[in-house]
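Data first, discussion second: the structure below is written as structure tokens.
The values are calculated or read from the model by the stated rules, or taken from the named source; none is laboratory data. From a predicted model like this one, the values you see are computed outputs, not experimental measurements. Cβ coordinates were reconstructed from backbone atoms using ideal geometry, including for glycine residues, and neighbour counts include every protein chain displayed. In case anyone asks, the SASA skips ligands and DNA or RNA and just uses the protein heavy atoms, side chains included. Shrake-Rupley method; radii C 1.70, N 1.55, O 1.52, S 1.80 Å.
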Amino acid sequence: MPTESHAGPLRVLVLGAALRAGSTNLRLASLVARLIDDTGATADLAPLHEFDMPLYNGDVEEAHGLPPGALALRDRLKNSDAFVIASPEYNASVPGVLKNAIDWVSRVRPQPFKTKHALLVSASPSMAGGNRGLWVLRVPLEHLGTRVYPDMFSLAKSHEGFTENGDLVDPGLQTRLSETVRGFLGLVEADIRYGCLQRRWYEFLGDRTGAPVTQRAED
Ligand code: FNR
């Protein structure tokens with residue numbers, strides 16, 4: 001099922017996926033949110049610390065259901081046509097807090113990631129800008145049916161990458177980020193208005209056994 005068509009501007013959740021107050025990824029998320037607003041779409045900036053949740057535990061889920069932080073993130077996702085994640089790279093991979101949040105939210109039915117488009121960006125003081133972590137982040141999101149935009153943006157040397165007003169110091173990079181955001185929004189708009197990307201979601205491709213444990217196809 002394509003993302004639901006609606007009147008009015010596109011709504012995009014922008015998640016800053018680090019907990020610390022001085023997070024460079026939150027700064028990058030703020031900039032992306034501003035670039036989104038500049039196009040006439042509506043950005044919903046969401047620092048990850050707004051969604052407090054324990055480590056995933058199946059017993060806790062069975063006894064208490066989903067924690068309020070996971071449900072709040074689900075609600076913000078549900079109210080969006082698309083989302084952006086600005087994530088650090090930890091040990092060449094996805095930070096545990098972000099993966100934990102994805103795991104909790106993936107337990108909600110209907111599973112909210114499968115109708116969404118996503119753009120991934122990162123910031124890191126290293127020369128690779130955290131890009132390896134974004135490749136890892138694609139895996140759970142694509143597994144959940146999210147259409148992850150092919151282009152990604154990674155800001156290297158992030159500790160010296162921002163001006164005081166939150167733009168990127170390098171104007172060429174600022175242009176590239178702005179063009180990436182606009183290209184992403186163009187695809188989301190086309191999908192929402194014209195339903196150009198329609199597909200079903202399967203946990204195990206080609207698995208048609210019908211066994212309730214493995215057959216998790218949803219319209
Ligand atoms: C890091 N950092 C890091 N950076 C990187 O480019 N590649 C990496 O593999 C790692 N690994 C790593 C592991 C752990 C546990 C920490 C705490 C940090 C450095 C990281 O990019 C840096 O701290 C960023 O500033 C984190 O992003 P925020 O908090 O500024 O958004």
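Filtering the range 131-141 to residues that are touching a helix residue (DSSP H, G or I) at 6+ places or on another chain (Cβ under 8 Å) and within 16 Å of the ligand (Cβ to nearest atom) leaves only 137.
Quick one: would you say residue 35 is in contact (Cβ under 8 Å) with a residue 60 or more places away in the chain, in a helix (DSSP H, G or I) and surrounded by fewer than 23 Cβ atoms within 10 Å (Cβ to Cβ)? Yes, satisfied. Across the range 71-101, the number of residues qualifying as open to solvent by less than 30 Å² (accessible area, probe 1.4 Å) and touching a strand residue (DSSP E or B) at 6+ places or on another chain (Cβ under 9 Å) comes to 13.
Taken over the range 116-125, the residue count meeting the criterion of being more than 12 Å from the chain's Cα centre (by Cα) and either over 10 Å from residue 154 (Cα atoms) or away from the ligand (no atom under 16 Å from the Cβ) (or both) is 1.
For the range 151-180, a residue qualifies if it is closer than 23 Å to residue 40 by Cα and in contact (Cβ under 8 Å) with a residue 12 or more places away in the chain, and the qualifying residues are 151, 152, 153, 166, 167, 168, 173, 176, 177, 178, 180.
Please count how many residues of the range 90-113 are part of a helix (DSSP H, G or I) and not aromatic (Phe, Trp, Tyr).
In the first step, residues of the range 90-113 are kept if they are part of a helix (DSSP H, G or I); the result is 96-105, 112-113.
The next check asks that each one be not aromatic (Phe, Trp, Tyr); those that pass are 96-103, 105, 112.
The qualifying residues number 10.
Taking the range 114-170 as the range and being open to solvent by less than 10 Å² (accessible area, probe 1.4 Å) and in a helix (DSSP H, G or I) as the test, the residues that pass are 133, 134, 137, 141, 158. When the range 78-111 is limited to residues that are at pLDDT below 95 and under 24 Å from residue 189 (Cα atoms), the one that is farthest from the ligand (Cβ to nearest atom) turns out to be 110. Take residue 57 and tell me if it is at pLDDT 95 or above, out of contact with any helix residue (DSSP H, G or I) (no Cβ under 8 Å at 6 or more places or on another chain), within 13 Å of the ligand (Cβ to nearest atom) and open to solvent by 20 Å² or more (accessible area, probe 1.4 Å). So residue 57 fails the test.
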